[in-house]
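Report on the structure given below.
No lab work stands behind these numbers, since they all come straight from the coordinates. No experiment lies behind these values; they were computed from the predicted model shown. Using ideal geometry, Cβ is built from the backbone for each residue, glycine included, and neighbour counts are taken over all protein chains shown.
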Amino acid sequence: MYRTHNNGELRLSHAGKKVKLSGWVQTIRDKGFLIWIDLRDRYGITQLVLEEEKSAPELLEKVRRLGREFVISVTGIVIEREAKNPNIPTGEIEILVENIEILNPSKLPPFTIEDGTDGGEELRMKYRYLDIRRNLVKDKLIFRSQVAQKVREILSQQDFVEVETPVLIKSTPEGARDFVVPSRMNPGQFYALPQSPQTFKQLLMVGGLERYFQIVKCFRDEDLRADRQPEFTQIDCEMAFVEQEDILNIFEDLLKKLLQDIKGVEIGDFPRITYAEAMKKYGNDKPDIRFGMEFTELNALAQGKGFQVFDSQELIVGIAAPSCAGYTRKEIDQLIDWVKKPQIGALGLVWVKYNIDGSMKSSVDKFYSPEDLKAWADAMGAQPGDLLLVMAGPANKTRKQLSELRMEMAKRLNLRNPEEFAPLWVVDFPLLEWDEETQRYYAMHHPFTAPKPEDLNLLEENPKEVRANAYDLVLNGNEIGGGSIRIYNKEIQSKMFEILGFTEEEAKAQFGFLMNAFEFGAPPHGGIAFGFDRLVAILDGAETIRDYIAFPKNNAGRDVMIDAPAKIAEEQLEELNLRIEEK
Ligand code: ASP
């Protein structure tokens, strides 16, 4: 037996008890006549104490061999501490050591295992198993597990069946590249790793399960952006005999329950806005609504006053930054530089100070009277003391740039409070997206998403205008879930593939199995998938997902601990028919 108690457990009420504890050596303080050791395990830290005079020489010799992170087992008596430590639950007691067994020595760790020290990202990832010993990381993994358990509990209670779908599959188009796996037994052929279980969950609906969920790994070979992982986890769900409304209600409930049970936060009904509205008001299809600064379009007020820069533009749009009229020239110049940096790419920024005393001062005073500027402020619902920030240009591009500025201002003004939760649904996404470069349509969500029935007649003539029964759940400016009502009719599915540029043969070769299934009584169905890593991070008030993944990959998609991806042996290549012949 290694332990009678864990290291977070013992209290004053245990005094006098003989106990056995195991764990890692956190610190050793050797005062000569007294030696203290902090012993750590997953549950906490317990202080051990030895008195030189009263301890056997072999024991002392052993103790003086100990180093940080040695794994030891200790027997001793619980005693009351003289100097109590109110900061830890075991701070009133210590263990008077009778015997110590060294279970395993440790090399000096490359960084100290303490909350405040992590040795930097590279080192942490290389020695992730040591990093996980730190409370910060350990607690996040435990939190993730709790959320997963809660999700299982809530969905199971509602009759959802957890089904595992295969990992070695054929490509499903979700807009990213597939990771592929060569098949040794089928020379020249490859499996793809699922970008999501999309087609399988639809087939489970044809299979009559009616309610499916899975907490599942998905794989997307995308150019890595910050805080993206090539493999990530979804809570994937699908239901039969449902309309959009049913799905929104059920999964709104799921998030409400998670917020309540895990965070103790009660949230009312989630607002819903259309995609078109989100773009107009926030320039973004995943708006952060924890703060205002909504867009106001100023074309009618700002054009035709002799300011050429505005007159020639498609859109003039602004936000009112609360209580920023006091910005100095320098601060404003900084903002202008910020919007002009290549990542944002704006040509400039017009500013108007709506001063506390009601007076106006702007970068365009030459063209606009104080009354003109006051009319802008009124249109924006600005208050005296606000700073109006206005951009102009082609509509889509300008909205995007102003959205970035809105988020930046929120950050500077500390309006993105991680302990506040502001979910909303974005609905009525366009079905298709036109790509200028390849001159073709792409499915905005994926090719299985159903058009809105009332827009079906536009599918031939004006596909761009067709809206989909597709929805995203947005939380604090992050898309945490997305889904759609699916096509379940073979003709419409074929039409969709045609619009997406598949020939009939291609569609059949790639998705014949699904179209066939649709001919055997496929029920109406729809679903949603949540990004689990991100959801967990946001629930925990964090910005990055990496610490919520036990063994994450770095920004270049590498696992620096196991050093993957890596070359494989010549024989393996040969066996897999992957050896490139010398020509
Ligand atoms: N498979 C979709 C995705 O991964 C989710 C869904 O439509 O249910 O985004």
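A convex hull fitted to the Cα coordinates of the stretch 426-492 yields 99 cubic angstrom per residue.
The stretch 198-251 has equivalent-ellipsoid semi-axes of 27, 14, 9 Å, by the square roots of 5 times the alpha carbon gyration tensor eigenvalues, sorted largest first.
Subtracting the Cα-Cα distance of residue 508 and residue 146 from 0.36 nm times their residue separation leaves 126.0 nm of extension gain.
Taking each pair of different alpha-carbon atoms in the stretch 109-177 once, compute 1/r for the pair, average those values, and report the inverse of that mean as the Kirkwood hydrodynamic radius in Å to one decimal. Intermediate values should be presented prior to the final figure.
Values: mean 1/r = 0.0640 Å⁻¹.
Computed over Cα pairs of the stretch 109-177, the Kirkwood hydrodynamic radius comes out at 15.6 Å.
Taking 30 Å as R0, compute the FRET efficiency from the Cβ-Cβ separation of residue 312 and residue 458 and round it to 0.05. Please report the intermediate quantities before stating the final value.
Values: r = 32 Å, r/R0 = 1.07.
Using R0 = 30 Å, I get an efficiency of 0.40.
Each Cα pair of the stretch 89-137 feeds into the Kirkwood radius, which the Stokes-Einstein equation turns, at 4 °C and 1.567 mPa s, into a diffusion coefficient of 98 µm²/s.
Once you compute Rg and the Kirkwood Rh from C-alpha atoms, what is the Rg to Rh ratio for the stretch 351-462? Expressed as Rg/Rh, it is 1.12.
The H on the amide N of residue 480, modeled in the peptide plane, is under 5 Å from the matching H of 473, 474, 475, each at least 5 residues off or on a different chain. Extension gain, residue 434 to residue 265: 0.36 nm times the residue separation minus the Cα-Cα distance gives 56.8 nm. Ellipticity at 222 nm from helices only: DSSP H runs of n ≥ 4 in the chain, each -39500 (n - 2.57), divided by the residue count, give -8000 deg cm²/dmol.
If you wrap the Cα atoms of the stretch 155-207 in a convex hull and average its projected area over all directions, you get 4.9 nm².
What net charge is computed for the residues neighbouring residue 299, neighbours being all others with C-beta under 11 Å from the C-beta of residue 299, Lys and Arg scored +1, Asp and Glu -1? Write down the numbers at each step before the final one.
On the way: positive: none; negative: 297, 311, 314.
Net of charged neighbours comes to -3.
Could you work out the relative contact order of the chain, using alpha carbon pairs under 8 angstrom and six or more residues apart, expressed as a whole percent? List each step's numbers first, then the result.
Numbers: 1072 pairs, mean separation 74.1, N = 583.
Relative contact order here is 13 percent.
In terms of other Cβ atoms within 10 Å, 428, 386, 269 run from fewest to most in the order 269, 428, 386. As a proxy for reagent exposure, ranking 259, 315, 413 by other Cβ atoms within 10 Å from fewest up yields 413, 259, 315.
Pairs of Cα atoms nearer than 8 Å and 6+ residues apart set the relative contact order; for the stretch 146-296 it is 18 percent. Ratio of Rg to Rh for the chain: 1.06 [Cα atoms; Kirkwood radius as inverse mean 1/r over pairs].
If R0 is 60 Å, the Cβ-Cβ spacing of residue 357 and residue 189 corresponds to a FRET efficiency of close to 0.20.
Nearest 20 debye, what's the magnitude of the dipole of the chain about its Cα centre given +1 on Lys and Arg Cβ and -1 on Asp and Glu Cβ? Display every interim value, and only then the final one.
Working: 75 positive and 95 negative charges, 352 e Å.
Once rounded to the nearest 20, the dipole reads 1700 debye.
The length gained on full extension between residue 33 and residue 181, counted as 0.36 nm times the residue separation minus their Cα-Cα distance, comes to 47.0 nm. Which of 464/553; 17/62; 257/286; 495/567; 54/126 have a Cα-Cα distance over 32 Å? Over 32 Å apart, Cα to Cα: 464/553; 495/567; 54/126.
Based on other C-beta atoms within 10 Å, arrange 277, 243 from fewest to most. List each step's numbers first, then the result.
Values: 277 14, 243 11.
Listed from fewest to most nearby Cβ atoms, that is 243, 277.
The string of couplings for the stretch 545-561 from the Karplus curve (6.51, -1.76, 1.60, θ = phi - 60°) is 8, 4, 6, 8, 10, 4, 10, x, 9, 7, 5, 9, x, 9, 9, 7, 7 Hz, one whole number per residue in order, with x for Gly and Pro. Three principal axis extents describe the C-alpha atoms of the stretch 229-378; from largest down they are 61, 35, 33 Å. Each residue of the stretch 13-23 was assigned a 3J(HN,Hα) from its phi angle through the Karplus expression (A = 6.51, B = -1.76, C = 1.60, θ = phi - 60°), giving 5, 8, 3, x, 7, 8, 10, 10, 10, 9, x Hz with x at Gly and Pro.
For the stretch 451-567, the alpha-carbon coordinates run over 50, 40, 29 Å along the three principal axes, in decreasing order.
With θ taken as phi - 60° and the Karplus curve 6.51 cos²θ - 1.76 cosθ + 1.60 applied, the whole-hertz 3J(HN,Hα) list for the stretch 148-164 is 4, 4, 5, 4, 4, 4, 5, 6, 4, 4, 9, 6, 6, 9, 7, 10, 8 Hz, x standing for glycine and proline. The simple spin-label model puts a point 7 Å past each Cα toward its Cβ; for residue 420 and residue 336 those points are separated by 3.1 nm.
Rule-of-thumb check for the stretch 1-61: C-alpha Rg over 2.2 N^0.38 Å? Could the numbers behind the result be given before it?
On the way: Rg = 12.3 Å, N = 61, 2.2 N^0.38 = 10.5 Å.
Computed over Cα atoms of the stretch 1-61, the ratio equals 1.17.
Across all directions of projection, what mean area in square nanometres is found for the Cα convex hull of the stretch 324-385? Write out the running numbers ahead of the final one.
Numbers: hull surface 18.0 nm².
Result: 4.5 nm².
Summarising the amide proton neighbourhood of residue 52: residues at separation of 5 or more, or on other chains, whose placed amide H is nearer than 5 Å comprise 34, 35.
Under 5 Å from the amide H of residue 170 lie the amide H atoms of 192, each residue being 5 or more positions distant or on a separate chain, with H modelled from the backbone and absent for Pro and chain starts.
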